[in-house]
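Dropping the structure in here first, questions after.
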Amino acid sequence: TKKPGGAEEIKIIDTVQKGKDGVKGGAQLPQNSIEETKINTRSMYVKATGKSSSAGWSIYEPIYIDKSSTDALTKIYTADLYEYREAASGLEHINKFAKEGLNYDLYEVWVLNDSSKVDGTDKTGWTVYSEEDIPKLVFQNNNAVVEGKISVWVKSDTVIRLVGRSNTDKNKSYPTRFFDYDFTDGTTELNRKLKGINDPANYTVNSKPRYGFGNANSGDTGLQGDQLNGHNINRARTPASTIIGKCSYGLVESALSANGYPVIKANAPDLFNPQANLIGRTEITGRSLIFNRDGDTYTLTSVFGSEAHASNLNQFQKKGPTWDNKDMVWTNQFWPMDNASSFGTTGHDPKFGTAAQEKKYGVAVADDGKEHNYFFGMNFEVDFELTDDYVGPLNYYFFGDDDMWVFLEHPDGTTELICDIGGVHQAAGEYVDLWNYIQKPEDNLVENNGSGETDEEDGRVNPKYKLKFFYTERGASGSTCWMQFTLPSVNAVPVIDYTGNVKSTLKLGKTVEGEPTNERFDFTIEFSGSSSNIATNDYPYQIKNEDGSIVETGDIRSGGTFKLGHNQTIEVFNLPDDTKYIIKEKDYGGYEPALGTETVEGVVIKDKTVEGNIDWDRDDIVDYINKEVEYHLPETGGSGAISYTMAGGIAVVFGAGFLYRKKFRERRGRRI
């Protein structure tokens, strides 16, 4: 699309080879050897809000295609072939937007009148029924009229399109492991040459090139001149023709290590492994990234635990020009470690960033002229499932500094690098179409089995993928981390604590005594506490079988529900200290929970309810035992623990799902 009026343009790397959107094998990561002018780019557009930050920077917001625009209609499901069920059939057996957990609601129903318009995304050639019309729709195999209803005559060639719209916006929390890195020895003299995280003791060998923290603005670290294959890796790459050209690509291998961490090609500390004993590194626990959800699109907005220093991350700030007078500075002021417990204490770096501190410590003034806790890293991961009919967007956008490496883990456990913005550089961006790495379903008719059952009930297992993100801030003066992804059925992956400082897991088990059953029993859970956000936060959970295999992962908040079967357990992660919880099992005919025989701290207040308080210094044990009912139907038992770990087919119907979604305006057209 054309550049909107009044908008400004931010160029980012497009990893999609021209003409290969949505095609497996169509990705091309940037390489140092590729000339700058030959790297494929795309444009993000932003528009000034008329407001300024406290430092006087102009504030901009991304521009998205308006939802009423015809080209905002995007196909997300392949068309299916359905049998006509009964004379007064409704939408129950074809409404894919009714799937549990889907982030869209059915918004419109389109019935095709002109077969030449079957692939069109506007309403020409279709009869469109609105959200208000949908409850009145009745599909019939004749032209009879039903009083009070809207009758649709279904024939053998009838095509029905279902259009979804994003349901209620909701913030999502993704547990994140943060590290605060020091580059000095933390003494009064603030010695920095090969000190802190750059200490030779952190490297398995002491050979060059060495990957480290601090750049040309940080004083003599001893590492600022190290190069890999002729390119700077600890300072801006030269010649610095553009912002994009100041990155250093190819710093990591194309797959993660056996332990699940990036393999840096230069000599480097084990930066992201929480169990590695490193000088100059402090893990900061209890934090998570908060994303705003709009349908299946998630945009980073803040850091839980550091909101005062890392908020409004969905916006851009602009000031300039850059140090080489070639470009404007775009940032979102990402400083999640500004309230960490480590800075300024014995053995740790102080904050830097003001003109006075530049004079005192020899570290560059921050872009906004304020003091900040420089040098940090983070990693987190999400998983997502793909049904065999999903053909919607799988997008990832990043804009920031410094290193950002994203790996895709396939269902077989193999990993591959899909986003590479490496080196110490000014903010730069990259776009990834994950369909370049995943086989896309054939965009044709798929015979429906006529059962109306879900994939799980049909015995099929949807493939599950993971995105694993690794980020560092290694250079003084600025910090930016803007990201957005569009993925279906996204779940948070819990962060396992290895430090011994946090015990924030709630664990509840379930057993069923008597006759074997595959029944999964419904529970509700409520959270409350002194902080108002305890009840509104999302907390990641895992449900496991007795053998430890994972049945389900997701997020849950106060008032949420979950299901447990025989010998299954649920673990809820990242609950704050002193959180009050109430768990209740719903009624089931033939199954009757009983009072627990023994409790410690957790209190059984009713025959189906348990309540207690999270205490990081205590392990709670709660028995959840069921008794046999009088008429001797199969009985259930509950034995669990709440603990805190460190650790007539006349006609057919075609159904295709579309959605209205928001997307960055781009210079070139979009594939629908």
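For region 127-238, which fully contained strands (runs of 3 or more DSSP E) count at least 3 residues that are open to solvent by less than 20 Å² (accessible area, probe 1.4 Å), farther than 30 Å from residue 380 by Cβ and modelled with pLDDT of 90 or more?
Filter on region 127-238 gives 158-166.
Every residue in region 12-57 that is of a type in the set (S, T, N, Q), open to solvent by less than 20 Å² (accessible area, probe 1.4 Å) and part of a loop (DSSP other than H, G, I, E, B), please.
Across region 12-57, the qualifying residue is only 15.
Could I ask something else about it? For residue 296, state whether it is among the charged types (D, E, K, R), touching a Gly at 6+ places or on another chain (Cβ under 8 Å) and surrounded by 18 or more Cβ atoms within 10 Å (Cβ to Cβ).
yes
Could you tell me whether region 585-592 includes any residue that is modelled with pLDDT under 75 and surrounded by 17 or more Cβ atoms within 10 Å (Cβ to Cβ)?
yes
Same structure, new question: Suppose we keep only residues that are open to solvent by 50 Å² or more (accessible area, probe 1.4 Å) and among the β-branched types (Val, Ile, Thr) within region 243-284. Which one would you say is nearest to the chain's Cα centre (by Cα)?
Taking the candidates together, the pick is 263.
Would you say residue 89 is hydroxyl-bearing (Ser, Thr, Tyr), modelled with pLDDT of 85 or more and over 36 Å from the mean Cα position of the chain (by Cα)?
no
Would you check which residues across region 385-403 are closer than 18 Å to residue 437 by Cβ and either among the aliphatic types (A, V, I, L, M) or part of a loop (DSSP other than H, G, I, E, B) (or both) and list them?
386, 387, 388, 391, 392, 393, 394 - these are the residues of region 385-403 that are closer than 18 Å to residue 437 by Cβ and either among the aliphatic types (A, V, I, L, M) or part of a loop (DSSP other than H, G, I, E, B) (or both).
Among the numbered conditions (1) surrounded by 17 or more Cβ atoms within 10 Å (Cβ to Cβ); (2) under 27 Å from residue 435 (Cα atoms); (3) modelled with pLDDT of 90 or more, tell me where residue 9 comes up short.
Status for residue 9: all satisfied but (1).
Then there's this: I'm trying to understand the selection: among the residues of region 244-253, which are in a loop (DSSP other than H, G, I, E, B) and closer than 13 Å to residue 30 by Cα?
247, 248, 249, 250, 251
Continuing with the same structure: Between a residue in region 347-371 that is closer than 15 Å to residue 196 by Cβ and any residue that is surrounded by fewer than 14 Cβ atoms within 10 Å (Cβ to Cβ), which pairs come within a Cβ distance under 6 Å, given they are 6 or more apart or on different chains?
350/344
Output the number of residues of region 169-203 satisfying the condition of being under 31 Å from the mean Cα position of the chain (by Cα) and aliphatic (A, V, I, L, M).
Residues that pass the stated criteria total 1.
Does residue 109 qualify as being open to solvent by 20 Å² or more (accessible area, probe 1.4 Å), assigned to a strand (DSSP E or B) and under 24 Å from residue 389 (Cα atoms)?
Taking the combined requirement at face value, the residue does not satisfy it.
Within region 555-569, can one find any residue that is open to solvent by 30 Å² or more (accessible area, probe 1.4 Å), at pLDDT below 80 and among the basic types (Lys, Arg)?
no
Would you check which residues across region 204-226 are among the β-branched types (Val, Ile, Thr) and either under 12 Å from residue 192 (Cα atoms) or within 34 Å of the chain's Cα centre (by Cα) (or both) and list them?
Of everything in region 204-226, those that are among the β-branched types (Val, Ile, Thr) and either under 12 Å from residue 192 (Cα atoms) or within 34 Å of the chain's Cα centre (by Cα) (or both) turn out to be 204, 221.
With the checklist (1) touching an Asp or Glu at 6+ places or on another chain (Cβ under 8 Å); (2) assigned to a loop (DSSP other than H, G, I, E, B); (3) aliphatic (A, V, I, L, M); (4) more than 24 Å from residue 296 (Cα to Cα) in hand, flag the one item residue 94 doesn't pass.
Residue 94 satisfies every listed condition except (4).
The values are calculated or read from the model by the stated rules, or taken from the named source; none is laboratory data. From a predicted model like this one, the values you see are computed outputs, not experimental measurements. When we count neighbours, we look across all protein chains shown, and the Cβ atoms used for this are built from the backbone with ideal geometry, even at glycine. Surface accessibility is based on the protein's heavy atoms, side chains included, excluding ligands, DNA and RNA. Shrake-Rupley method; radii C 1.70, N 1.55, O 1.52, S 1.80 Å.
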